[in-house]
Amino acid sequence: MRTHHCGELSVHEAGKEVTLAGWVDTLRVSGKISFLLLRDRTGIVQVFLDKALTEQFQNVKPQSVVLLTGMVNKRPANQVKADMKTGEVEISAKTLEVLNMAETPLPIEVSEDTTTGLDKRLDYRFLDVRRQKGTDIFTIRSKIYALTTAFFDKEKFIAIQTPKLTASGVESGAEEFKIPYFGKTASLAQSPQIYKQMFVVSGLERVYEIGTIFRAEKSHTTRHLTEFTGVDFEMGFIESEHDVMAVIEKYFQFLIKELEKECKEELARLGVHLRVPKTIPKLSLHDARKILKEKGKVIPEDDDLDAEGEKMIGAYILEKFDSDFVFMLDYPWTKRPFYHMRPDKDKKVTKSFDLVFRGVEIATGAQREHRLDILEAQCKEKGLDLKNLPFYRDIFRYGCPPHGGVGLGLDRITNQLLDLGNIREAILLPRDPERLTP
Ligand code: AMO
């Protein structure tokens, strides 16, 4: 249909005839002539309509879909400066065809400085994403996804896809959605935890999954969803949880470095400046409590950080170590699931960690307990019986290497990286306790 995209045109095309197609951003009639801003997924270009075309098309509504041919002209330098949005060329239209006329009025304001509230924008997400900002966010999110698979592939992890219809999970504290399943009750997976451990033990040794995770949590915050995308990985033959943290550190170094290169224009338009992390500092929860106490916030010994505590630690790490990231270590046994390993010298803590990025937890990981007798005892301590999860118990019976892994949240990573202020801005169609549509 097209010969070019709007955002690809430059002075090199000056003098050429091109065919473009896209949405009418605005149409400004100025006397007998008019200027149409045409937008496609690559950007915006200004199209000049002469008297005849203006007469014919002056009633074209914003967001209608049009196809046009025209000549590429270099814009005078003073105009380019005055109106950066439309770039260095403009099109002098020869033909214009309305492929699909948009209704009026539009249900939301489709402009960069939209005043429509988030909730309404989400009701009409397909229109909302037509804004350059929406296109930029989801182009970057897509790149994060692609770079994540590239990273794990490079590091010799095997991609797995595990069931989301399950009998039950192992994440204590994370509620499950129960659904009828042919006379039984199934749970929507709240983590691929069981399966990622299972397939390390299967001999694949290093596995990862980017998949949907369901949490029946009635949380109304800017960082909780009931359905989100998890980036989980698990690796065998580790010496400690620090081996897992080393992979995470490498992942973020790779991800941010490549994003800076591959999404340069999108990041610039969003005003986002990324920093490739150096060595990510590590802070025990014990030390974090001391730091917070000095700042007037008390976290009890067997408790972990709340959202405010994470924010305060994020600010402290930025000031003290000039780092956006921090690994928080030694989470209390009372707050962690039964499958986290505990160090021999201190059974009150676990060999686990959280990764806090700009004051928000974006990952939880640990070395897993792989010795069946200890795992069963840990289960008992939590008031659980591993016999109720026979297929999980079996993993530890026939040759199970020491292993560990982590779960990261893709939506949280995107929200934090782009500083969007609400996780709902980072996902196309959020699900939360109030939202089940569109
Ligand atoms: P956890 O429950 O901490 O750990 O989840 C891991 C990461 O998933 C993201 N996340 C969420 N994102 C959006 N909305 C939510 N409601 C939500 N809940 C969690 C966060 C979080 O850090 N099995 C363990 C992981 C492991 O040990 O490997 C687990 O699920 O970014």
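Over 20 Å between Cα atoms, which of 164/184; 154/264; 154/257 qualify? List each step's numbers first, then the result.
Details: 164/184 16 Å; 154/264 23 Å; 154/257 15 Å.
The pairs that break the limit, which is 20 Å between Cα atoms, are 154/264.
Can you give me the relative contact order of the chain as a percent, contacts being Cα pairs under 8 Å and 6 or more apart?
Details: 810 pairs, mean separation 52.6, N = 438.
The normalised contact order for the chain reaches 12 percent.
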Just to be sure I understand the curve: with the Debye formula and one point per C-alpha of the chain, what is log10 I(q)/I(0) at q = 0.12, 0.13 Å⁻¹?
-1.03, -1.14
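Summing -39500 (n - 2.57) over the DSSP H runs of n ≥ 4 in the chain and dividing by its residue number, what mean residue ellipticity at 222 nm do you reach, to the nearest 500 deg cm²/dmol?
Working: 13 runs with 131 residues, N = 438.
Calculated from helices alone, the mean residue ellipticity at 222 nm is -9000 deg cm²/dmol.
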Modelling each spin label as a point 7 Å along the Cα-to-Cβ direction, I'd like the residue 103/residue 264 distance in nm, to one decimal.
4.3
Sites residue 334 and residue 422, calculated FRET efficiency, Cβ-Cβ separation with R0 22 Å, nearest 0.05
0.10
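Would you kindly state how much longer the chain becomes between residue 17 and residue 42 on full extension, computed as 0.36 nm times their sequence separation minus their alpha carbon distance, in nm to one decimal?
Numbers: separation 25, 0.36 × 25 = 9.00 nm, distance 1.87 nm.
Difference between extended and current length: 7.1 nm.
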What does the highest-first list of 245-251, 404-410 look like by mean Cβ count within 10 Å?
404-410, 245-251
Rounded to the nearest 20 Debye, what is the dipole magnitude of the stretch 16-144 about its Cα centre when Lys and Arg each give +1 and Asp and Glu each give -1 at the C-beta?
300
Under 12 Å from the Cα of residue 293 - aspartates and glutamates, other chains or at least 8 residues apart
301
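Kindly state, to the nearest 0.05, the FRET efficiency for residue 298 paired with residue 95, given R0 = 51 Å and r defined as their beta-carbon distance.
On the way: r = 71 Å, r/R0 = 1.40.
That pair, residue 298 with residue 95, gives E of 0.10.
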With every protein chain in place, the chain: carbon and sulfur % of accessible area (1.4 Å)
52
GNM, the chain, Cα, under 10 Å: largest mean-square fluctuation among 61, 264, 293?
293
Run the reach check for residue 295 against lysines, Cα to Cα strictly under 21 Å, same-chain hits fewer than 8 apart removed. What comes back?
282, 311, 320
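With viscosity set to 0.692 mPa s and temperature to 37 °C, compute the Stokes-Einstein D of the stretch 167-264, Rh being the Kirkwood radius across alpha carbon pairs; µm²/s, no decimals. Present the calculation step by step, with values, prior to reporting the outcome.
On the way: Rh = 15.9 Å.
Using the Kirkwood radius from Cα pairs, D works out to 207 µm²/s.
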Distance in nm between label sites at residue 437 and residue 52, each 7 Å beyond Cα in the beta-carbon direction?
4.7
Suppose the chain between residue 168 and residue 114 were pulled fully straight at 0.36 nm per residue; how much longer would it get relative to their current alpha carbon spacing?
15.1 nm
Can you list the lysines whose alpha carbon is less than 26 Å from that of residue 380, not counting same-chain residues fewer than 8 positions off?
178, 196, 335, 345, 347, 348, 351
Over the stretch 132-426, give the accessible area per residue in Å² for a 1.4 Å probe, as an integer.
46
Work out, step by step, the length gained on full extension between residue 78 and residue 2: first 0.36 nm times the residue separation, then minus their alpha carbon distance; give nm to one decimal.
24.4 nm
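The values are calculated or read from the model by the stated rules, or taken from the named source; none is laboratory data. Predicted model only: the values in this text are computed from it and were never measured. Note: ideal-geometry Cβ built from the backbone for every residue, glycine included; neighbour counts use all protein chains shown. In case anyone asks, the SASA skips ligands and DNA or RNA and just uses the protein heavy atoms, side chains included. Shrake-Rupley method; radii C 1.70, N 1.55, O 1.52, S 1.80 Å.
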